[in-house]
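The structure appears below as structure tokens.
The values are calculated or read from the model by the stated rules, or taken from the named source; none is laboratory data. Predicted model only: the values in this text are computed from it and were never measured. We place every Cβ from the backbone using ideal geometry, glycine too, and count neighbours over all the protein chains shown.
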Amino acid sequence: MSPRIGMDLDIIVKAAIELADREGMSEVTLATLAKSLDVRPPSLYNHVKGGLPALKIEMAKRGYSQLNRRLTDASVGRSMDAAVLAFGMAYVQFVRDHPGLYEAMLMVAIGADEELQDIQDQSIRIIIQVMEGYGLGEHGTLHAVRGLRSILHGFASLEQHGEFGLPLEKDESLTKSINAFLAGIR
């Protein structure tokens, strides 16, 4: 069977991301995706060799690439605390904007795809650059990177699952958490 005219991997990945952000990754199957694109499920295999696992890798590549752009844009021209705060806010806003895509990014095993690994490594290099100004040394910087990533992921995940029910401004809570982290690494 030949590929459908006008259908390509880019269209399929975009539709999968939209479906994931709207309904959650649990709803992203080849059947639901085919239905949303008005094609038969076998038609997707013409463009996504490897089925759903390969599609998740493509989604993760898009997600990490988009996240990397946001993190770079947020931290460029800033240093130290201002860069870390902007970086943190950009990270959490990305998850707010793309909850399903973020979930897809975390579903793919490290090393599952060489290109994806390079994109994921770029994410780490961005945060390392932001943290290097604190003079923590190589190991200290890496520990700080792990700590900051844990704070941001934890905050974003809790918020994504509706765990912040108290009537407090969430961005203020995030800023206070990041500032407490920054005070701790000094």
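Looking only at segment 160-179, residues that are assigned to a helix (DSSP H, G or I) and at pLDDT below 95 come to 1 in all. No other residue among Glu169, Glu115, Glu163, Glu103 is surrounded by 15 or more Cβ atoms within 10 Å (Cβ to Cβ) and at negative phi apart from Glu103. In a residue-by-residue description of segment 139-146, the property of being hydroxyl-bearing (Ser, Thr, Tyr), modelled with pLDDT of 95 or more and in contact with an Asp or Glu (Cβ under 7 Å, 6 or more places away or on another chain) applies to at least one position.
If only residues of segment 12-60 that are in a loop (DSSP other than H, G, I, E, B) and among the basic types (Lys, Arg) are counted, the one that is farthest from Asp121 (Cα to Cα) is Arg40. Check whether at least one residue in segment 85-105 is over 15 Å from the mean Cα position of the chain (by Cα), acidic (Asp, Glu), modelled with pLDDT of 90 or more and not in a loop (DSSP other than H, G, I, E, B), and report yes or no. Checked against the condition, which is being over 15 Å from the mean Cα position of the chain (by Cα), acidic (Asp, Glu), modelled with pLDDT of 90 or more and not in a loop (DSSP other than H, G, I, E, B), segment 85-105 yields no hits at all.
Check segment 113-127 and report whether any residue there is over 14 Å from the mean Cα position of the chain (by Cα) and of a type outside the set (D, E, K, R). There is no residue in segment 113-127 that is over 14 Å from the mean Cα position of the chain (by Cα) and of a type outside the set (D, E, K, R).
Checked against the criteria, Glu132 counts as over 14 Å from the mean Cα position of the chain (by Cα), at pLDDT below 95, assigned to a helix (DSSP H, G or I) and surrounded by fewer than 20 Cβ atoms within 10 Å (Cβ to Cβ). Candidates Ala109, Ala90: the one that is small (Gly, Ala, Ser), without any contact (Cβ under 8 Å) to a residue 40 or more places away in the chain and buried (at least 16 other Cβ atoms within 10 Å of the Cβ) is Ala90.
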